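Take this structure first; my questions come after.
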Amino acid sequence: MELSISKTSVIPSDQALVVIGKPGSKWTSFGLTAVEGNYVDSLDPVKKPLLAINQYKRWVFIIRPKTEPNAALMAENMRKLGCKIFSYLHQLYSKSVTVVDCGGMEQATLDFSEGLALGSYGFLKYKNPEPDENKYLKNILINSVKTNADKIRMLEIMVHAVFKARDLVNEPVIFLTAVKLGEAFKKMGKEAGFSVEVFNKSRIENLKMGGLLAVNAGSVDPPTFTVMEYKPKNAKNKKPIILVGKGVVFDTGGLSLKPTPSSMDYMKSDMAGAAAVGCTLWALASAKVPLHVVALVPSTDNRPGGNAVTPGDIITMSNGMTIEVLNTDAEGRLILGDALHYAKKYNPELVLDFATLTGAASAAIGPFGMVVMGNASEKIKTELKASGEAVYERLAEFPFWDEYSDLLKSDIADMKNIGGPVAGAITAGKFLQKFTDYPWMHFDIAGVAFRHKEDSYRGIGASGVGVRLLFHFLRSQA
Ligand code: BES
Ligand code: ZN
Ligand code: ZN
(Lines give C-alpha, C1' and ligand atoms only; values in the text may rest on other atoms or scores of the structure.)
(Ligands and ions follow the chains in the order given, each with its own letter.)
Protein backbone atom coordinates (compact mmCIF):
# COMPACT_ATOMS: atom_id res chain seq x y z
CA MET A 1 0.00 0.00 0.00
CA GLU A 2 2.15 2.83 -1.19
CA LEU A 3 1.08 6.35 -0.36
CA SER A 4 1.41 8.83 -3.21
CA ILE A 5 1.91 12.54 -2.68
CA SER A 6 1.51 14.76 -5.71
CA LYS A 7 0.63 18.23 -6.89
CA THR A 8 -2.79 19.05 -8.27
CA SER A 9 -4.42 22.15 -9.68
CA VAL A 10 -7.98 21.00 -9.20
CA ILE A 11 -10.31 20.75 -6.24
CA PRO A 12 -12.28 17.54 -6.72
CA SER A 13 -15.87 17.58 -5.47
CA ASP A 14 -16.09 14.02 -4.20
CA GLN A 15 -12.95 13.58 -2.10
CA ALA A 16 -12.05 14.74 1.36
CA LEU A 17 -10.67 18.24 1.39
CA VAL A 18 -8.43 20.08 3.81
CA VAL A 19 -8.38 23.83 3.36
CA ILE A 20 -5.57 25.75 5.00
CA GLY A 21 -6.24 29.43 5.23
CA LYS A 22 -6.26 32.57 7.29
CA PRO A 23 -9.24 34.49 8.61
CA GLY A 24 -10.79 36.26 5.66
CA SER A 25 -9.55 33.75 3.08
CA LYS A 26 -11.76 33.44 0.01
CA TRP A 27 -13.30 30.19 1.17
CA THR A 28 -15.77 30.11 -1.71
CA SER A 29 -12.92 29.74 -4.21
CA PHE A 30 -11.75 26.68 -2.33
CA GLY A 31 -14.77 24.42 -2.07
CA LEU A 32 -17.07 26.12 0.43
CA THR A 33 -20.47 27.67 -0.22
CA ALA A 34 -21.01 31.29 0.76
CA VAL A 35 -23.06 30.20 3.79
CA GLU A 36 -20.30 27.86 4.91
CA GLY A 37 -17.68 30.55 4.34
CA ASN A 38 -19.62 33.01 6.48
CA TYR A 39 -19.99 30.36 9.15
CA VAL A 40 -16.23 29.82 9.20
CA ASP A 41 -15.55 33.55 9.43
CA SER A 42 -18.04 33.92 12.26
CA LEU A 43 -15.92 31.68 14.49
CA ASP A 44 -12.80 32.80 16.31
CA PRO A 45 -9.78 31.12 14.65
CA VAL A 46 -7.88 31.04 17.93
CA LYS A 47 -10.65 29.16 19.69
CA LYS A 48 -11.56 27.06 16.66
CA PRO A 49 -8.47 26.57 14.49
CA LEU A 50 -9.91 23.34 13.15
CA LEU A 51 -13.40 22.97 11.73
CA ALA A 52 -15.12 20.08 9.99
CA ILE A 53 -17.93 20.61 7.52
CA ASN A 54 -20.00 17.72 6.24
CA GLN A 55 -20.96 18.41 2.64
CA TYR A 56 -22.54 14.94 2.36
CA LYS A 57 -20.47 13.96 -0.67
CA ARG A 58 -17.33 14.78 1.23
CA TRP A 59 -15.92 16.24 4.42
CA VAL A 60 -14.13 19.55 4.35
CA PHE A 61 -11.67 20.28 7.12
CA ILE A 62 -10.82 23.93 7.62
CA ILE A 63 -7.52 24.71 9.27
CA ARG A 64 -6.73 28.24 10.38
CA PRO A 65 -3.35 27.83 12.03
CA LYS A 66 -2.15 30.16 14.70
CA THR A 67 0.95 31.89 13.38
CA GLU A 68 3.88 31.05 15.54
CA PRO A 69 6.98 33.26 15.26
CA ASN A 70 9.32 30.29 15.77
CA ALA A 71 9.37 28.65 12.33
CA ALA A 72 10.43 25.24 13.66
CA LEU A 73 7.58 25.21 16.16
CA MET A 74 5.13 26.38 13.52
CA ALA A 75 6.20 23.53 11.25
CA GLU A 76 5.88 21.01 14.08
CA ASN A 77 2.40 22.27 14.97
CA MET A 78 1.36 21.82 11.35
CA ARG A 79 2.73 18.26 11.23
CA LYS A 80 0.81 17.42 14.39
CA LEU A 81 -2.37 18.91 12.92
CA GLY A 82 -1.79 16.82 9.80
CA CYS A 83 -1.59 13.69 11.92
CA LYS A 84 -4.76 14.64 13.77
CA ILE A 85 -6.65 15.08 10.52
CA PHE A 86 -5.32 11.75 9.34
CA SER A 87 -7.09 10.03 12.22
CA TYR A 88 -10.40 11.58 11.09
CA LEU A 89 -9.76 10.61 7.47
CA HIS A 90 -8.91 7.10 8.56
CA GLN A 91 -12.20 6.77 10.41
CA LEU A 92 -13.96 7.93 7.25
CA TYR A 93 -12.01 5.39 5.14
CA SER A 94 -10.81 8.19 2.86
CA LYS A 95 -8.56 6.94 0.10
CA SER A 96 -7.70 10.38 -1.26
CA VAL A 97 -7.43 13.79 0.26
CA THR A 98 -6.67 17.14 -1.32
CA VAL A 99 -4.83 19.67 0.82
CA VAL A 100 -5.48 23.20 -0.38
CA ASP A 101 -3.37 26.25 0.33
CA CYS A 102 -5.67 29.30 0.28
CA GLY A 103 -2.66 31.49 -0.45
CA GLY A 104 0.45 32.45 1.46
CA MET A 105 0.44 29.18 3.40
CA GLU A 106 2.77 27.15 1.20
CA GLN A 107 5.16 25.99 3.91
CA ALA A 108 2.33 25.29 6.35
CA THR A 109 0.61 23.22 3.67
CA LEU A 110 3.74 21.15 3.05
CA ASP A 111 4.36 20.65 6.77
CA PHE A 112 0.74 19.69 7.33
CA SER A 113 0.95 17.18 4.47
CA GLU A 114 4.14 15.75 5.95
CA GLY A 115 2.44 15.07 9.29
CA LEU A 116 -0.60 13.67 7.52
CA ALA A 117 1.54 11.33 5.45
CA LEU A 118 3.83 10.22 8.28
CA GLY A 119 0.85 9.72 10.57
CA SER A 120 -0.76 7.36 8.07
CA TYR A 121 1.91 4.71 8.59
CA GLY A 122 0.99 1.32 9.96
CA PHE A 123 2.95 -1.92 10.20
CA LEU A 124 0.30 -4.30 8.92
CA LYS A 125 2.34 -7.12 7.42
CA TYR A 126 1.53 -9.57 10.19
CA LYS A 127 -2.16 -8.71 10.65
CA ASN A 128 -4.76 -11.35 9.84
CA PRO A 129 -7.02 -11.11 7.94
CA GLU A 130 -5.21 -8.91 5.49
CA PRO A 131 -6.27 -5.27 5.92
CA ASP A 132 -8.72 -4.03 3.32
CA GLU A 133 -6.74 -1.83 0.93
CA ASN A 134 -9.83 0.21 0.19
CA LYS A 135 -9.89 1.55 3.71
CA TYR A 136 -6.44 3.15 3.67
CA LEU A 137 -5.30 6.55 2.55
CA LYS A 138 -3.46 6.23 -0.75
CA ASN A 139 -3.30 9.71 -2.24
CA ILE A 140 -2.41 13.07 -0.85
CA LEU A 141 -2.91 15.78 -3.46
CA ILE A 142 -1.46 19.19 -2.74
CA ASN A 143 -3.10 22.21 -4.27
CA SER A 144 -0.89 25.22 -3.77
CA VAL A 145 -0.27 27.76 -6.52
CA LYS A 146 3.12 28.68 -5.16
CA THR A 147 4.67 25.33 -4.42
CA ASN A 148 6.48 23.46 -7.17
CA ALA A 149 6.25 19.79 -8.00
CA ASP A 150 9.89 19.29 -7.02
CA LYS A 151 9.27 20.18 -3.37
CA ILE A 152 6.36 17.78 -3.30
CA ARG A 153 8.47 15.05 -4.87
CA MET A 154 11.13 15.58 -2.16
CA LEU A 155 8.44 15.26 0.48
CA GLU A 156 7.17 12.04 -1.07
CA ILE A 157 10.67 10.55 -1.22
CA MET A 158 11.36 11.50 2.38
CA VAL A 159 8.10 9.97 3.59
CA HIS A 160 8.77 6.74 1.70
CA ALA A 161 12.28 6.58 3.15
CA VAL A 162 10.89 7.00 6.68
CA PHE A 163 8.35 4.25 6.01
CA LYS A 164 11.11 1.93 4.80
CA ALA A 165 13.12 2.61 7.93
CA ARG A 166 10.08 2.01 10.16
CA ASP A 167 9.31 -1.25 8.34
CA LEU A 168 12.84 -2.51 8.90
CA VAL A 169 12.88 -1.55 12.58
CA ASN A 170 9.43 -3.03 13.26
CA GLU A 171 10.43 -6.31 11.63
CA PRO A 172 11.29 -8.92 14.29
CA VAL A 173 14.55 -10.86 14.25
CA ILE A 174 12.80 -14.13 13.41
CA PHE A 175 12.61 -12.60 9.93
CA LEU A 176 15.19 -9.83 9.88
CA THR A 177 18.57 -11.45 10.47
CA ALA A 178 21.82 -9.69 9.58
CA VAL A 179 21.78 -11.47 6.20
CA LYS A 180 18.19 -10.36 5.52
CA LEU A 181 19.08 -6.79 6.44
CA GLY A 182 21.87 -6.90 3.86
CA GLU A 183 19.41 -8.26 1.29
CA ALA A 184 16.94 -5.50 2.09
CA PHE A 185 19.65 -2.91 1.42
CA LYS A 186 20.54 -4.65 -1.86
CA LYS A 187 16.96 -4.34 -2.97
CA MET A 188 16.88 -0.66 -2.02
CA GLY A 189 20.12 -0.04 -3.92
CA LYS A 190 18.66 -1.55 -7.10
CA GLU A 191 15.49 0.46 -6.69
CA ALA A 192 17.09 3.85 -6.12
CA GLY A 193 20.44 3.48 -7.92
CA PHE A 194 23.32 3.01 -5.50
CA SER A 195 25.81 0.17 -5.14
CA VAL A 196 25.50 -2.29 -2.27
CA GLU A 197 28.03 -4.90 -1.28
CA VAL A 198 27.32 -7.27 1.61
CA PHE A 199 30.48 -8.78 3.14
CA ASN A 200 29.97 -12.30 4.49
CA LYS A 201 31.59 -13.83 7.56
CA SER A 202 34.83 -14.93 5.86
CA ARG A 203 35.32 -11.45 4.38
CA ILE A 204 34.72 -10.02 7.86
CA GLU A 205 37.29 -12.47 9.24
CA ASN A 206 39.78 -11.39 6.57
CA LEU A 207 39.25 -7.79 7.64
CA LYS A 208 39.92 -8.92 11.23
CA MET A 209 36.80 -7.19 12.51
CA GLY A 210 37.20 -8.63 15.99
CA GLY A 211 34.41 -6.53 17.48
CA LEU A 212 31.78 -7.66 15.02
CA LEU A 213 32.95 -11.27 15.23
CA ALA A 214 32.94 -11.24 19.05
CA VAL A 215 29.38 -9.97 19.23
CA ASN A 216 28.36 -12.57 16.66
CA ALA A 217 30.07 -15.45 18.49
CA GLY A 218 26.95 -16.51 20.40
CA SER A 219 24.72 -16.50 17.33
CA VAL A 220 23.77 -19.28 14.91
CA ASP A 221 23.34 -16.67 12.16
CA PRO A 222 26.39 -15.15 10.46
CA PRO A 223 27.25 -11.44 10.70
CA THR A 224 27.26 -9.09 7.71
CA PHE A 225 29.01 -5.85 6.91
CA THR A 226 27.18 -3.83 4.28
CA VAL A 227 28.87 -1.14 2.22
CA MET A 228 26.52 1.13 0.30
CA GLU A 229 27.83 3.82 -2.00
CA TYR A 230 26.02 6.57 -3.83
CA LYS A 231 28.39 8.45 -6.09
CA PRO A 232 26.65 10.64 -8.66
CA LYS A 233 28.78 12.16 -11.46
CA ASN A 234 27.81 15.67 -10.40
CA ALA A 235 28.76 15.19 -6.74
CA LYS A 236 29.66 18.50 -5.09
CA ASN A 237 32.02 16.97 -2.55
CA LYS A 238 35.50 15.66 -3.39
CA LYS A 239 35.80 13.46 -0.30
CA PRO A 240 32.79 11.33 0.64
CA ILE A 241 30.51 11.83 3.58
CA ILE A 242 30.15 8.55 5.46
CA LEU A 243 27.17 7.37 7.44
CA VAL A 244 27.58 4.49 9.86
CA GLY A 245 24.62 2.68 11.45
CA LYS A 246 24.45 0.19 14.31
CA GLY A 247 22.85 -2.95 12.91
CA VAL A 248 22.22 -5.17 15.93
CA VAL A 249 19.16 -7.04 14.68
CA PHE A 250 18.43 -8.18 18.23
CA ASP A 251 20.18 -7.36 21.48
CA THR A 252 19.59 -9.90 24.25
CA GLY A 253 22.62 -8.43 26.03
CA GLY A 254 24.53 -11.65 25.37
CA LEU A 255 25.83 -13.40 28.49
CA SER A 256 25.30 -10.12 30.38
CA LEU A 257 21.68 -10.90 29.64
CA LYS A 258 19.11 -8.13 29.71
CA PRO A 259 16.22 -8.64 32.11
CA THR A 260 12.85 -9.26 30.53
CA PRO A 261 10.13 -7.95 30.63
CA SER A 262 10.94 -4.32 29.97
CA SER A 263 14.50 -3.95 28.81
CA MET A 264 14.86 -6.79 26.28
CA ASP A 265 11.41 -6.80 24.74
CA TYR A 266 11.89 -4.20 22.03
CA MET A 267 15.51 -4.87 21.20
CA LYS A 268 14.56 -5.78 17.64
CA SER A 269 14.88 -1.99 17.27
CA ASP A 270 18.63 -2.12 17.94
CA MET A 271 19.27 -1.77 14.20
CA ALA A 272 17.44 1.56 13.96
CA GLY A 273 20.74 3.33 13.21
CA ALA A 274 21.34 0.96 10.30
CA ALA A 275 17.82 1.56 9.00
CA ALA A 276 18.31 5.32 9.27
CA VAL A 277 21.53 5.42 7.25
CA GLY A 278 20.46 2.88 4.60
CA CYS A 279 17.11 4.54 4.05
CA THR A 280 18.74 7.96 3.88
CA LEU A 281 20.94 6.68 1.08
CA TRP A 282 17.81 5.42 -0.65
CA ALA A 283 16.29 8.90 -0.32
CA LEU A 284 19.42 10.70 -1.56
CA ALA A 285 19.72 8.43 -4.60
CA SER A 286 15.97 8.62 -5.35
CA ALA A 287 16.15 12.41 -5.17
CA LYS A 288 19.41 12.49 -7.17
CA VAL A 289 21.07 14.73 -4.60
CA PRO A 290 24.52 15.65 -5.98
CA LEU A 291 26.58 14.33 -3.10
CA HIS A 292 28.97 11.39 -2.73
CA VAL A 293 27.78 9.46 0.32
CA VAL A 294 28.76 6.04 1.67
CA ALA A 295 26.81 4.11 4.30
CA LEU A 296 28.39 1.33 6.39
CA VAL A 297 26.38 -1.16 8.43
CA PRO A 298 27.98 -3.77 10.68
CA SER A 299 25.25 -6.24 11.58
CA THR A 300 24.61 -9.25 13.82
CA ASP A 301 22.35 -10.35 16.63
CA ASN A 302 23.77 -10.36 20.16
CA ARG A 303 23.05 -13.63 21.97
CA PRO A 304 24.36 -15.76 24.81
CA GLY A 305 24.53 -19.05 22.84
CA GLY A 306 27.41 -21.32 21.88
CA ASN A 307 30.79 -19.73 22.24
CA ALA A 308 29.37 -16.31 23.09
CA VAL A 309 31.86 -13.61 23.99
CA THR A 310 32.29 -13.77 27.74
CA PRO A 311 32.82 -11.10 30.38
CA GLY A 312 36.58 -10.92 30.87
CA ASP A 313 37.38 -11.90 27.29
CA ILE A 314 39.99 -9.79 25.56
CA ILE A 315 39.32 -9.28 21.87
CA THR A 316 41.32 -7.56 19.14
CA MET A 317 39.57 -5.00 16.97
CA SER A 318 40.33 -4.39 13.28
CA ASN A 319 42.59 -1.45 14.17
CA GLY A 320 44.69 -3.74 16.39
CA MET A 321 43.41 -2.39 19.70
CA THR A 322 42.69 -4.93 22.42
CA ILE A 323 39.44 -4.62 24.36
CA GLU A 324 38.59 -6.15 27.70
CA VAL A 325 34.91 -7.04 27.36
CA LEU A 326 33.44 -6.56 30.82
CA ASN A 327 29.83 -6.34 29.75
CA THR A 328 28.60 -8.15 26.66
CA ASP A 329 25.58 -5.84 26.56
CA ALA A 330 27.87 -2.97 25.56
CA GLU A 331 28.07 -4.59 22.12
CA GLY A 332 27.14 -1.68 19.87
CA ARG A 333 30.49 0.06 20.39
CA LEU A 334 32.31 -3.17 19.49
CA ILE A 335 30.71 -3.49 16.06
CA LEU A 336 30.81 0.27 15.43
CA GLY A 337 34.50 0.48 16.31
CA ASP A 338 35.27 -1.84 13.41
CA ALA A 339 33.01 0.13 11.08
CA LEU A 340 34.50 3.49 12.08
CA HIS A 341 37.97 2.09 11.48
CA TYR A 342 36.90 0.82 8.07
CA ALA A 343 35.64 4.34 7.21
CA LYS A 344 39.22 5.70 7.36
CA LYS A 345 40.09 4.16 4.01
CA TYR A 346 37.76 6.63 2.27
CA ASN A 347 39.58 9.67 3.63
CA PRO A 348 36.14 11.07 4.46
CA GLU A 349 35.12 14.70 4.68
CA LEU A 350 32.77 13.87 7.55
CA VAL A 351 31.50 10.73 9.30
CA LEU A 352 28.15 10.56 11.11
CA ASP A 353 27.21 7.46 13.08
CA PHE A 354 23.71 6.59 14.25
CA ALA A 355 23.21 4.06 17.01
CA THR A 356 20.74 2.95 19.67
CA LEU A 357 23.80 2.88 21.86
CA THR A 358 22.99 3.55 25.51
CA GLY A 359 20.11 3.55 27.93
CA ALA A 360 22.01 6.44 29.53
CA ALA A 361 21.30 8.73 26.56
CA SER A 362 17.64 7.90 26.77
CA ALA A 363 17.57 8.43 30.54
CA ALA A 364 19.37 11.77 30.25
CA ILE A 365 17.04 13.56 27.83
CA GLY A 366 14.05 11.28 27.38
CA PRO A 367 12.28 10.74 24.08
CA PHE A 368 12.44 14.38 23.01
CA GLY A 369 15.61 14.37 21.00
CA MET A 370 18.87 12.63 20.35
CA VAL A 371 22.16 12.92 22.13
CA VAL A 372 25.12 13.99 19.97
CA MET A 373 28.81 14.41 20.52
CA GLY A 374 31.91 14.60 18.42
CA ASN A 375 34.66 16.70 16.95
CA ALA A 376 33.20 18.05 13.71
CA SER A 377 33.66 21.78 13.08
CA GLU A 378 31.41 24.28 14.83
CA LYS A 379 29.98 25.11 11.41
CA ILE A 380 28.90 21.51 10.82
CA LYS A 381 27.52 21.23 14.35
CA THR A 382 25.48 24.39 13.89
CA GLU A 383 24.13 23.15 10.57
CA LEU A 384 23.25 19.75 12.01
CA LYS A 385 21.43 21.38 14.91
CA ALA A 386 19.56 23.70 12.52
CA SER A 387 18.42 20.69 10.48
CA GLY A 388 17.41 19.01 13.73
CA GLU A 389 15.19 21.95 14.63
CA ALA A 390 13.73 22.20 11.13
CA VAL A 391 12.58 18.58 11.03
CA TYR A 392 12.07 18.44 14.80
CA GLU A 393 14.51 15.62 15.34
CA ARG A 394 16.38 17.77 17.80
CA LEU A 395 19.96 17.38 18.92
CA ALA A 396 21.33 17.80 22.43
CA GLU A 397 25.10 18.08 22.36
CA PHE A 398 26.87 16.47 25.30
CA PRO A 399 30.31 17.44 26.65
CA PHE A 400 33.11 15.40 25.18
CA TRP A 401 36.06 16.20 27.42
CA ASP A 402 39.15 14.02 27.31
CA GLU A 403 38.78 13.07 30.98
CA TYR A 404 35.85 10.83 30.05
CA SER A 405 38.19 8.46 28.17
CA ASP A 406 40.05 7.80 31.41
CA LEU A 407 36.97 5.93 32.59
CA LEU A 408 37.62 3.32 29.89
CA LYS A 409 41.13 2.42 31.05
CA SER A 410 41.75 -1.29 31.48
CA ASP A 411 44.50 -2.83 33.61
CA ILE A 412 45.21 -5.60 31.14
CA ALA A 413 44.04 -4.42 27.69
CA ASP A 414 44.17 -1.18 25.69
CA MET A 415 40.63 -0.30 26.75
CA LYS A 416 37.58 -1.86 28.39
CA ASN A 417 34.14 -1.72 26.83
CA ILE A 418 32.34 -0.05 29.74
CA GLY A 419 32.98 3.09 31.75
CA GLY A 420 31.80 3.58 35.29
CA PRO A 421 28.43 4.45 36.74
CA VAL A 422 28.50 8.01 35.40
CA ALA A 423 28.18 9.55 31.92
CA GLY A 424 27.35 6.27 30.17
CA ALA A 425 26.38 7.91 26.88
CA ILE A 426 29.60 9.90 26.78
CA THR A 427 31.97 7.05 27.65
CA ALA A 428 30.30 5.06 24.84
CA GLY A 429 31.06 7.98 22.51
CA LYS A 430 34.64 8.16 23.80
CA PHE A 431 35.07 4.46 23.06
CA LEU A 432 34.00 5.09 19.46
CA GLN A 433 36.29 8.09 19.11
CA LYS A 434 39.34 5.81 19.44
CA PHE A 435 38.49 4.39 16.01
CA THR A 436 38.23 7.72 14.20
CA ASP A 437 40.79 10.07 12.68
CA TYR A 438 38.44 12.36 10.76
CA PRO A 439 35.72 14.94 11.50
CA TRP A 440 32.98 12.91 13.12
CA MET A 441 29.72 13.13 15.05
CA HIS A 442 28.02 10.37 17.01
CA PHE A 443 24.21 10.29 17.37
CA ASP A 444 22.81 8.18 20.20
CA ILE A 445 19.20 7.50 19.22
CA ALA A 446 18.36 4.99 21.98
CA GLY A 447 15.65 7.25 23.38
CA VAL A 448 13.89 8.06 20.11
CA ALA A 449 14.12 5.06 17.81
CA PHE A 450 11.16 3.17 19.18
CA ARG A 451 7.98 4.53 20.78
CA HIS A 452 6.03 2.56 23.32
CA LYS A 453 3.02 4.79 23.06
CA GLU A 454 1.57 6.78 20.19
CA ASP A 455 3.44 10.02 19.58
CA SER A 456 1.54 11.97 16.91
CA TYR A 457 3.01 11.52 13.42
CA ARG A 458 5.96 9.58 14.83
CA GLY A 459 3.48 6.83 15.49
CA ILE A 460 3.88 3.84 17.75
CA GLY A 461 6.78 1.40 17.45
CA ALA A 462 9.57 2.38 15.08
CA SER A 463 9.82 6.14 14.51
CA GLY A 464 12.22 6.08 11.57
CA VAL A 465 14.24 8.74 13.34
CA GLY A 466 17.37 10.00 11.63
CA VAL A 467 16.11 9.80 8.06
CA ARG A 468 14.46 13.22 8.00
CA LEU A 469 17.39 14.79 9.86
CA LEU A 470 19.99 13.34 7.49
CA PHE A 471 17.99 14.04 4.34
CA HIS A 472 17.54 17.66 5.39
CA PHE A 473 21.17 18.12 6.45
CA LEU A 474 22.71 16.40 3.43
CA ARG A 475 20.53 18.26 0.95
CA SER A 476 21.69 21.47 2.60
CA GLN A 477 25.30 20.38 1.98
CA ALA A 478 24.74 19.68 -1.74
N1 BES B 1 20.99 -1.51 22.73
C2 BES B 1 21.36 -1.09 24.03
C3 BES B 1 20.97 0.34 24.34
C4 BES B 1 19.49 0.67 24.37
C5 BES B 1 18.84 0.81 25.55
C6 BES B 1 18.80 0.92 23.20
C7 BES B 1 17.51 1.15 25.59
C8 BES B 1 17.46 1.25 23.23
C9 BES B 1 16.81 1.38 24.43
C10 BES B 1 22.88 -1.21 24.21
O11 BES B 1 23.49 -2.19 23.50
C12 BES B 1 23.12 -1.47 25.65
O13 BES B 1 22.69 -2.49 26.12
N14 BES B 1 23.81 -0.57 26.33
C15 BES B 1 24.10 -0.71 27.71
C16 BES B 1 25.52 -0.28 27.92
C17 BES B 1 26.03 -0.59 29.30
C18 BES B 1 26.13 -2.07 29.51
C19 BES B 1 27.39 0.06 29.46
C20 BES B 1 23.14 0.16 28.49
O21 BES B 1 22.84 1.27 28.04
O22 BES B 1 22.67 -0.29 29.52
ZN1 ZN C 1 23.44 -4.08 24.52
ZN1 ZN D 1 22.52 -2.77 21.72
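The values are calculated or read from the model by the stated rules, or taken from the named source; none is laboratory data. No experiment lies behind these values; they were computed from the predicted model shown. Cβ placement follows ideal geometry from the backbone for every residue including glycine, while neighbour counts extend to all protein chains displayed. Please note that ligands, DNA and RNA were not included when accessible areas were found on the heavy atoms of the full protein model with its side chains. Shrake-Rupley method; radii C 1.70, N 1.55, O 1.52, S 1.80 Å.
Residues checked against (1) aromatic (Phe, Trp, Tyr); (2) at pLDDT below 95; (3) under 27 Å from Leu124 (Cα atoms):
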residue	(1), (2), (3)
Met1	no, yes, yes
Ile5	no, no, yes
Thr8	no, no, no
Val18	no, no, yes
Pro23	no, yes, no
Lys26	no, yes, no
Ile62	no, no, no
Ala71	no, no, no
Tyr93	yes, yes, yes
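Still on this model: Answer yes or no as to whether Asn375 is within 16 Å of ligand 1 (Cβ to nearest atom), within 22 Å of Ala274 (Cα to Cα) and not hydroxyl-bearing (Ser, Thr, Tyr).
Details: within 16 Å of ligand 1 (Cβ to nearest atom): no; within 22 Å of Ala274 (Cα to Cα): yes; not hydroxyl-bearing (Ser, Thr, Tyr): yes.
Taking the combined requirement at face value, the residue does not satisfy it.
Which one of the conditions (1) modelled with pLDDT of 95 or more; (2) more than 21 Å from Tyr438 (Cα to Cα) does Gly420 fail to meet, given that it meets all the rest?
Among (1) modelled with pLDDT of 95 or more; (2) more than 21 Å from Tyr438 (Cα to Cα), the lone unmet condition for Gly420 is (1).
Also, quick follow-up: Quick check, is Ala192 open to solvent by less than 30 Å² (accessible area, probe 1.4 Å), in contact (Cβ under 8 Å) with a residue 60 or more places away in the chain and either touching a strand residue (DSSP E or B) at 6+ places or on another chain (Cβ under 6 Å) or within 24 Å of Asp301 (Cβ to Cβ) (or both)? I'd like the intermediate steps shown before the answer.
Values: open to solvent by less than 30 Å² (accessible area, probe 1.4 Å): yes; in contact (Cβ under 8 Å) with a residue 60 or more places away in the chain: yes; either touching a strand residue (DSSP E or B) at 6+ places or on another chain (Cβ under 6 Å) or within 24 Å of Asp301 (Cβ to Cβ) (or both): no.
Judged against the criteria, Ala192 is not a match.
Now for a separate question. Regarding Ser263, is this residue within 21 Å of Ile445 (Cβ to Cβ), within 14 Å of ligand 3 (Cβ to nearest atom) and modelled with pLDDT under 95? Explain how you work it out, then say what you get.
Details: within 21 Å of Ile445 (Cβ to Cβ): yes; within 14 Å of ligand 3 (Cβ to nearest atom): yes; modelled with pLDDT under 95: yes.
Taking the combined requirement at face value, the residue satisfies it.
I need a count of the residues in region 442-478 that are touching a residue at least 40 places away in the same chain (Cβ under 8 Å), open to solvent by 30 Å² or more (accessible area, probe 1.4 Å) and β-branched (Val, Ile, Thr).
Adding up the residues that qualify gives 0.
Does region 277-300 contain any residue that is assigned to a helix (DSSP H, G or I) and within 13 Å of ligand 1 (Cβ to nearest atom)?
Step one: filter region 277-300 for residues assigned to a helix (DSSP H, G or I), giving 277-286.
Then drop every residue that is not within 13 Å of ligand 1 (Cβ to nearest atom), which leaves none.
No, region 277-300 has no match at all.
Need the failing condition index for Leu296 against (1) open to solvent by less than 30 Å² (accessible area, probe 1.4 Å); (2) within 16 Å of ligand 2 (Cβ to nearest atom), just the number.
(2)
A follow-up question, please. Select from region 426-444 the residues that are more than 16 Å from ligand 2 (Cβ to nearest atom) and part of a helix (DSSP H, G or I) and write down the one among them that is nearest to Lys345 (Cα to Cα).
Top of the filtered list is Gln433.
Only one of Val215, Val249, Val227 is in contact with a strand residue (DSSP E or B) (Cβ under 6 Å, 6 or more places away or on another chain) and either among the hydroxyl-bearing types (Ser, Thr, Tyr) or under 30 Å from Ala478 (Cα atoms) (or both); which?
Val227
Let me ask something else about it. Assess whether Thr310 counts as being within 16 Å of ligand 3 (Cβ to nearest atom) and not small (Gly, Ala, Ser). Can you show your working first?
On the way: within 16 Å of ligand 3 (Cβ to nearest atom): no; not small (Gly, Ala, Ser): yes.
It is false that Thr310 is within 16 Å of ligand 3 (Cβ to nearest atom) and not small (Gly, Ala, Ser).
Take the residues of region 360-382 that are more than 18 Å from the chain's Cα centre (by Cα) and within 16 Å of ligand 2 (Cβ to nearest atom): which is farthest from Val244 (Cα to Cα)?
Ala363
Could you say which residue among Leu181, Leu118 is in contact with a Phe, Trp or Tyr (Cβ under 6 Å, 6 or more places away or on another chain), open to solvent by less than 10 Å² (accessible area, probe 1.4 Å) and touching a residue at least 24 places away in the same chain (Cβ under 8 Å)? Full working, then the answer.
Values: Leu181 fails: in contact with a Phe, Trp or Tyr (Cβ under 6 Å, 6 or more places away or on another chain).
Result: Leu118 is the single residue among Leu181, Leu118 that is in contact with a Phe, Trp or Tyr (Cβ under 6 Å, 6 or more places away or on another chain), open to solvent by less than 10 Å² (accessible area, probe 1.4 Å) and touching a residue at least 24 places away in the same chain (Cβ under 8 Å).
Here's another thing I want to ask about it. Across region 322-342, what is the number of residues that are in contact with a strand residue (DSSP E or B) (Cβ under 6 Å, 6 or more places away or on another chain) and within 11 Å of ligand 2 (Cβ to nearest atom)?
Selection size over region 322-342: 3.
From the list Phe61, Phe86, Phe112, which one is buried (at least 20 other Cβ atoms within 10 Å of the Cβ), aromatic (Phe, Trp, Tyr) and more than 26 Å from the chain's Cα centre (by Cα)?
Answer to the check: Phe61.
Taking region 1-33, which residues are out of contact with any strand residue (DSSP E or B) (no Cβ under 6 Å at 6 or more places or on another chain), in a helix (DSSP H, G or I) and open to solvent by less than 60 Å² (accessible area, probe 1.4 Å)?
Trp27
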